[in-house]
Structure formats: C-alpha cells, structure tokens
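**Q** Sending over a structure as structure tokens; questions will come in a sec.
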Amino acid sequence: MIDKDKTVMIAQSLLRKYNVPVPRYTSYPTVPLWENNLNIKKWAELVKKAYGDFGEKEGISLYIHLPYCENLCTYCGCNKRITKNHSVELPYVQAVLNEWQLYLALLPSQPKLVSIHLGGGTPTFFSPEVLTDLITTIRSSTEVLPQAEFSFEGHPNNTTQAHLEALHSVGFRRVSYGVQDFDEKVQKTIHRIQPFAKVKEATDNARKAGYGSINFDLIYGLPHQNLQTIEHTFHQVNDLKPDRIAFYSYAHVPSAFPAQKSFENFLPQEEEKRSLYEKGKELLLEMGYNEIGMDHFSLPDDPLFIAKKQKLLHRNFMGYTTSPSRMLMGLGNSSISDIGAAYSQNQKDIDDYKAQIERKQFAVNKGHVLTQEDEVHKKLILDIICHDKAEWDLDFFLKLSTVAVVQLEEMAQDGLLNYDPFGIRLSTTGKAFVRNICAVFDQRMQRQKRSNFVFSKTV
Ligand SMILES: C[S@@+](CC[C@H](N)C(=O)[O-])C[C@H]1O[C@@H](n2cnc3c(N)ncnc32)[C@H](O)[C@@H]1O
Ligand code: SF4
C-alpha cells in the first residue's frame, strides 16, 4: 500500500531542495552565458557555412518576431512594445523583409522553407493584409517544402475571422492562443480580460477556417490562483479541447519586468505553486492529454506525441517541435537564430533593430560560437529534455567534474535518476526536476557564480 502522506512529504522536501533558479534550456549555452564572440562579418560567414553544410539540403525554419501589443498584460515576460498606433505595422514589416533580403543576398541558392512561426508581442496586432503581404513575399523567395508547417501566436481578443482566413490562405494550419487562466479575478489582476466566450469564439473560428492544430498557453503561479481556480480553468479548457497545451510556470523577474511588482503580494508561494502544477497535470492526464516534456502536453494522436514515442522530438527556442530543421533563422527585433555551430540574437530595441537594417547590416546584437565542449553538452541537455535520457561514452563519464558526479549521486539517492558509465535515465519523479538535472551538465553555469545571473526558479 502506498503511504500517500509520506509520498507528499518526500515530494515537498524535494521541492524545497531543488527549487533554485535554473534556466529553461531553450538553448545551450543559455543566453546570459553567451560569450559574444561573434561580429556581423563572422555571423555572415557562419550562416553561409551552415547553409552549405546542411541548410541548403534540409531547408530552413523562420521565426519572425512581431513585437507590438495594444495592452500590457502585467505578468508578461516577453519582448513587446505597447501601442495603439497601428501606423507602426508597415515600417516594421518592411524592416523584416529587408532583413530577409540581406540573408537571401548571402545565400548561393533559393532556400527551401521548412517552417514559419510568427511570435510576439502579438502577431495579430498586425492587420490581415499586412501579414498576408509579409508571408506572400517570403514564400515567393523560397521553395516551400510540401511538409512545411506554418504557425502563429494569436491573442484570442484580437484574432479575427479575417486574420484566420488570411493566414490560412498563405499556408498557416497551426495557431497558439494565449489563454493563461479563465478566472475573472486572476484575469483582472494580470490585466488580461479574456472571457471564456471570447476564447471559444477564437477556437471555433480557427477550426472552421481549417486549422488542424490549436495550442493553448496556460500559466500556473499567477496571482490569486488556487486549486479551485485551476480546476475551473481546466474544465473550461476541456470544453474546447485544444490539441496541445503549454502549461508554463509563471516566471517572476520584476527587475526586468517592473509591472510584475503590482501583484507581488498575491502570488502563490513555492509549495502552493507546485501543487497548482500537480493539479493541472493530474487534470490534463484525466482529460486524455499526454505529457511531452517540460511543461508541454498533447492529445495522443498529435504529431508531437507521436514524435515523442518515436524518439524524433526536437526542441528549439520556441519549444518542442517535430521539425528536424537544424537551421533556425530569427527575423525581427530580439529574435534568436540557431545554426548549430552558433547562436545570435538581434537588437532587442525596435528602433536599434530598424536602424541597423537600414544601414543594410544584419541586426545581430550578440551571439555565441559553440566550442566542441558546448556541442557535446548541448546534445546531452537536448536528449535529456526531449527523451528523458541520454547516452555518453566512458571517456565522457570519467571526465565529469567532481561537482557534477556529487550532484548526480545526490539526485540518484533522491530517486530522480539512474546513471552509470554509459548514460543517464530520468525517473518519473525526476521529470519534474528536469531543469535541475540539465544544470548538472551546464559547465558554463557551473564555472560561474550562479548568483550573477537572473533565472526564474524551477517551480
Ligand atoms: C508572446 S506571448 C503569446 C501571444 C500573445 N501575445 C498573447 O499574449 O496571447 C507567449 C506566451 O508567453 C507566456 N508568458 C508570457 N509571460 C510569461 C511569464 N512571465 N511567465 C510565464 N509565461 C509567460 C504566455 O503563456 C504567453 O502566451
Ligand atoms: S502576454 Fe502577449 S499580449 Fe500580453 S503583453 Fe505579453 S506579448 Fe503582449
């Protein structure tokens, strides 16, 4: 018989022990630890090389950042600019297209396109016409592969039927709605009033327009959330049955996002916050969703879950993906590119970004060229995040630092994982602490004082 109280106590003590600030590992090395050993000339050389090595054959993925929003959601940790002035749309899109032209001029052939993702900010801040022009121009300069996937982030409050139809007509079949929470008090506190009827309308409209895949972003740890509000939210989510769900931990970094200070006194604290996640996860599993990995769930027939079962899952800056493309190019302010051997991030500020593009220069602001050691750790961390296990050879194991071995041993004792000279495998409990386990192999962070960097806590 399982002693439930004992299990809960163990879980709570693990929680206290491992609830420390660690990165989400959407990249390795993580952005704050990039060396900035990259200038624009070097970036252009590396892009050309990656394209010749694999991008030309495999195709490229595009992430396009569309940074404007009409209203500020006070919890938001994204790169955005708040404005109601829509005259910003055209000049911004023109800058993105000019940036794309710089890449086209660099590449020796017409690129094949594997995917486009429009992120933000709020892509649906832009009018359907402007978005259509943007995508049509990009499409006409590439060979769109038959299996290409186009997706966008839509705010339920301003994703109109016209947006859905226009984007569908240029190839979009996936939409991700920011839902966050359905509770009225929570919504009021985070300054994001979005009634169930509005989300239902946006979801129904997307299905009618032919979108085969709908994702909802939900967050746990928001002000005033409790077990009842989470239950209520998930029942409403179940009525709409999105194909995928991202259930994010609220990242509280008020030093970077001061509006988050407005509700600091109403935030659920550590154990309470974790119980919100556990409740949400329990409900999702009951509702027929499967866990993909860190914060992500999908229905069983979703390609993401099928890829997980077939060990074909990948992860990049935008989260889990089925796309094997190794060349991800980011366009727009603050966008990140990952070309395997190097990362770069564009100027964060919209005006700096536009000014650099006007000078006909790539808008790269910072970057990182990976060392061989980085490449080994990047693969290891990705394997752990995507497959809950990783293999290594004896030589790697013998060269692990003493700190890393001590941490692994402690985590093994805590029941989070098993390891031996040939690899590591996470236990069911360990999956909840995957960020901490990845951190063991984050050589760059281990070498620095953790306290120098601002990451949100694991829970
Ligand atoms: C760019 S937004 C989505 C598109 C659109 N702007 C919207 O809000 O509907 C991307 C997602 O990031 C997540 N997010 C934003 N700020 C966050 C924070 N502080 N902690 C955790 N997740 C956050 C939200 O779930 C949000 O849906
Ligand atoms: S959550 Fe979305 S809509 Fe709200 S401010 Fe952030 S990016 Fe804009």
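**Q** Cα extents of the chain along the three principal axes, largest first, in whole Å?
**A** Principal extents (Cα only, largest first): 62, 54, 41 Å.
**Q** I need the Debye-formula profile for segment 314-459: one equal scatterer per C-alpha, no solvent, reported as log10 I(q)/I(0) at q = 0.13, 0.15 1/Å, two decimals.
**A** Values, matching the q order: -0.70, -0.89.
**Q** How would you rank Val369, Val175, Val114, going from fewest to most other Cβ atoms within 10 Å of each one's own Cβ? Each step should come with its number before you reach the end.
**A** Details: Val369 17, Val175 31, Val114 23.
Lowest count first: Val369, Val114, Val175.
**Q** Can you give me the distance in nm between label points at Ile40 and Thr26, each placed 7 Å from the Cα along the Cα-to-Cβ direction?
**A** Each label point lies 7 Å from its Cα, and together they span 2.6 nm.
**Q** Further question on the same structure: Restricting to the chain, compute how many DSSP beta bridges are antiparallel as a %, nearest 5.
**A** Numbers: 26 of 62 bridges.
Here the share of antiparallel DSSP bridges comes out near 40 percent.
**Q** Quick one: which residues, 5+ away or cross-chain, put their amide H under 5 Å from the amide H of Asn290? H built at 1.01 Å from N.
**A** Ser298, Leu299
**Q** Evaluate the distance, in nm, between pseudo-label points positioned 7 Å from the Cα of Ser13 and of Asp53 along their respective Cα→Cβ axes.
**A** Modelled inter-label distance: 4.7 nm.
**Q** Give me, ordered by chain and number, the residues 5 or more places off Glu149 or on other chains with an amide H under 5 Å from its own placed amide H.
**A** For Glu149, the qualifying residues are Ser115, Ile116.
**Q** Per residue of segment 92-107, in order, report the coupling 6.51 cos²θ - 1.76 cosθ + 1.60 (Karplus, θ = phi - 60°) as ³J(HN,Hα) in whole Hz, putting x for Gly and Pro.
**A** Karplus values, whole Hz, x for Gly and Pro: 5, 5, 4, 4, 4, 5, 5, 4, 4, 4, 4, 5, 4, 5, 7, 7.
**Q** Let me ask something else about it. Only sites in a loop by DSSP and with at most 16 other Cβ atoms within 10 Å count here; which GluC sites (Glu not before Pro) in segment 69-117 make the cut?
**A** The qualifying sites are Glu70.
**Q** Once phi is turned into θ = phi - 60°, what whole-Hz ³J(HN,Hα) does the Karplus curve with 6.51, -1.76 and 1.60 give for every residue of segment 124-140, x standing for Gly and Pro?
**A** 7, 5, 7, 6, x, 5, 5, 5, 4, 4, 4, 6, 4, 5, 5, 4, 5
**Q** Amide H to amide H under 5 Å from Tyr68: which residues, 5+ apart in sequence or cross-chain, H placed 1.01 Å off N in plane?
**A** Arg81, Thr122
**Q** Grab the other residues whose beta carbon is less than 13 angstrom from that of Phe247, score K and R as +1, D and E as -1, and report the net.
**A** Overall, the nearby charge balance is -1.
**Q** What list of ³J(HN,Hα) values in whole Hz, one per residue of segment 377-386 in order, does the Karplus curve 6.51 cos²θ - 1.76 cosθ + 1.60 (θ = phi - 60°) give from phi, with Gly and Pro shown as x?
**A** Ordered by residue, 3J(HN,Hα) equals 5, 4, 5, 4, 5, 5, 4, 5, 5, 8 Hz.
**Q** Taking 0.36 nm per intervening residue step and subtracting the Cα-Cα distance, what contour gain separates Glu143 from Ala197 on full extension? Don't jump to the answer; show the numbers that get you there.
**A** Numbers: separation 54, 0.36 × 54 = 19.44 nm, distance 3.95 nm.
Net length gain for the segment: 15.5 nm.
**Q** Relative to the Cα centre, what is the charge dipole magnitude of the chain, using +1 at the beta carbon of each Lys and Arg, -1 at the beta carbon of each Asp and Glu, and rounding to the nearest 20 debye?
**A** Working: 53 positive and 54 negative charges, 127 e Å.
That gives a dipole near 600 debye.
**Q** Okay, next question. What's the longest uninterrupted piece of the chain once you rule out the chymotrypsin sites (Phe, Trp or Tyr not before Pro) that are loop residues per DSSP with at most 16 other Cβ within 10 Å?
**A** Counting at most 16 other Cβ atoms within 10 Å as exposed, the longest clean stretch of the chain is 1-421.
**Q** Of Lys379/Lys399; Lys281/Lys379; Lys389/Lys431; Lys41/Lys360, which sit over 19 Å apart, Cα to Cα?
**A** Table pairs above 19 Å Cα-Cα are Lys281/Lys379.
**Q** Still on this structure, I have one more. For His387 and Ser87, what is the calculated FRET efficiency with R₀ set at 35 Å and r taken between the beta-carbons, to the nearest 0.05? Let's see the in-between values first.
**A** Values: r = 47 Å, r/R0 = 1.36.
Efficiency at R0 = 35 Å is approximately 0.15.
Since every read-out is calculated from the coordinates, none of them should be taken as a lab result. In this text, all values refer to a predicted model and were calculated from it rather than measured experimentally. Because the Cβ atoms are built from the backbone with ideal geometry, glycine has one as well, and the counts that use them run over all protein chains shown.
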